[in-house]
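Engineer: Right, I'll just put the structure down here and ask away after.
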Amino acid sequence: MRARVAALVLVAAAWVGCGGGGDDETGATTSPATSDSGTPAAQPGKEAPAADEVHADPKPGGEVQGYTQPTTPEFDARRTGKTVVIRYRFPPAEGDEEEPWMLVTGIDPAGEDTSPLTLRTLLEGKTSGVIRQPLGIGDPPYELLVSAQAANGLRSQIVRIPLPE
């Protein structure tokens with residue numbers, strides 16, 4: 001039970017300091033999945049996402065004190081009314097990379113008065129799936145936050161992507 005409580009505390013701490021859009025406290029960078037013109041970026045070998053959909057490729061984990069962080073999944077997200085539908089897929093783990101145990105997603109509304117609505121999804125060995133996440137309170141524009149966490153408490157980079165309105 002203590003390990004689960006510690007893991008949940010780490011998940012909560014993962015979002016602290018994320019209000020911004022620059023680097024997080026670990027020095028990991030985040031990037032929007034848009035081209036220089038602000039439109040959704042085409043991925044090599046794939047069609048560009050629809051105008052109402054965003055896409056992000058997986059981001060490999062870095063090293064923290066000799067441990068390898070989990071990889072952030074590849075995902076597509078689309079707003080449907082007051083819900084965001086997130087399709088995710090993790091690439092196979094390589095070498096000493098930690099297996100993802102939990103996917104943490106958040107919807108960050110405009111302004112600093114409202115905290116992101118964050119959901120934790122236990123993966124239970126799954127490497128792909130769909131999450132339906134409510135937008136929560138707050139006003140647009142919204143940003144989607146995605147991070148993976150390993151069972152040992154290490155988390156991946158936090159990917160922050162603006163959602164189409």
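Engineer: Could you tell me whether any residue of region 80-88 is polar (S, T, N, Q), closer than 25 Å to D52 by Cβ and without any contact (Cβ under 8 Å) to a residue 12 or more places away in the chain?
Structural biologist: Within region 80-88, the subset polar (S, T, N, Q) is 80, 83.
Still in the list and also closer than 25 Å to D52 by Cβ: 80, 83.
Next, only the ones that are without any contact (Cβ under 8 Å) to a residue 12 or more places away in the chain stay: 80.
Taking every residue of region 80-88 in turn, at least one turns out to be polar (S, T, N, Q), closer than 25 Å to D52 by Cβ and without any contact (Cβ under 8 Å) to a residue 12 or more places away in the chain.
Engineer: In region 121-165, what count of residues is obtained for those that are within 19 Å of A56 (Cα to Cα), of a type outside the set (A, V, I, L, M, F, W, C) and touching a Ser or Thr at 6+ places or on another chain (Cβ under 9 Å)?
Structural biologist: Result for region 121-165: 11.
Engineer: In addition: If I go through region 57-75 residue by residue, how many of them are within 16 Å of the chain's Cα centre (by Cα) and either under 17 Å from G106 (Cβ atoms) or touching a residue at least 60 places away in the same chain (Cβ under 8 Å) (or both)?
Structural biologist: Selection size over region 57-75: 9.
Engineer: Given the condition at pLDDT 50 or above, in contact with a Phe, Trp or Tyr (Cβ under 7 Å, 6 or more places away or on another chain) and surrounded by 14 or more Cβ atoms within 10 Å (Cβ to Cβ), answer yes or no: does some residue in region 77-87 qualify?
Structural biologist: yes
Engineer: Looking at region 66-79, is at least one residue under 18 Å from E143 (Cβ atoms) and of a type in the set (A, V, I, L, M)?
Structural biologist: Within region 66-79 (the criterion being under 18 Å from E143 (Cβ atoms) and of a type in the set (A, V, I, L, M)), the answer is yes, since at least one residue qualifies.
Engineer: Those residues that are exposed (fewer than 14 other Cβ atoms within 10 Å of the Cβ) and either without any contact (Cβ under 8 Å) to a residue 12 or more places away in the chain or under 24 Å from P162 (Cα atoms) (or both), I need them from region 121-140; list them, please. Show your work before the answer.
Structural biologist: Residues of region 121-140 that are exposed (fewer than 14 other Cβ atoms within 10 Å of the Cβ), as a first pass: 122, 124-126, 128, 130, 132, 134, 137, 139-140.
Within region 121-140, E124, G125, K126, S128, V130, R132, P134, I137, D139, P140 qualify.
The values are calculated or read from the model by the stated rules, or taken from the named source; none is laboratory data. Note that the coordinates shown come from a computational prediction; the quantities given were computed from them, not determined experimentally. So basically every Cβ, Gly included, is an ideal-geometry build from the backbone, and we count neighbours across all protein chains shown.
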